[in-house]
Amino acid sequence: MQAGAVKAIAIAARKRSPMLPDVPTSYEQGLPEFDCAPFYGLFVPRGTPQPIIEKLAAALDRGLDEPAVQKRLTDLGADIIEPERRGPRALAELVRSESARLMPILKAAAEK
């Protein structure tokens, strides 16, 4: 892109990327359903005791709330979600909703 060999027409997200502030989102381009922004989560093995899950989630939150960590992640183009949208339940719901949204698309593509 920087060399001009490729032109970005949109990023697949609802929010513009700080890495590409001049590139509109797919939402802005009239494709609101074309949203494939990545997300990251910490997963543990099934059966992990709840106190350990809660301790890991609290440690992750503390890390994400550190200004130096936020700056580094933002510099890398990450979007740090608000504390109320974090945690095991929020991640489980995100995985469920994204799976339900994307699975029909993946199945249809696999059939072709």
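Just so it is clear, none of the values below were taken in a lab; they were calculated from the coordinates. This one's a predicted model, so the numbers in the text were calculated from it and none came from an experiment. No Cβ is skipped: glycine too gets one built from the backbone with ideal geometry, and neighbour counts run over all protein chains shown.
Local charge sum around R72 (other residues, Cβ-Cβ under 14 Å, Lys/Arg +1, Asp/Glu -1)?
So the environment of R72 carries a net charge of -3.
Note down the net charge around A13, summing +1 for each Lys or Arg and -1 for each Asp or Glu among other residues with Cβ under 9 Å from its Cβ.
+1
Counting only residues 5 or more places away or on other chains, whose amide H sits under 5 Å from the amide H of T25 once H atoms are built in the peptide plane?
Result for T25 returns I11.
Out of the stretch 24-69, which chymotrypsin sites (Phe, Trp or Tyr not before Pro) are coil in DSSP terms and have no more than 11 other C-beta atoms within 10 Å?
F39, Y40, F43
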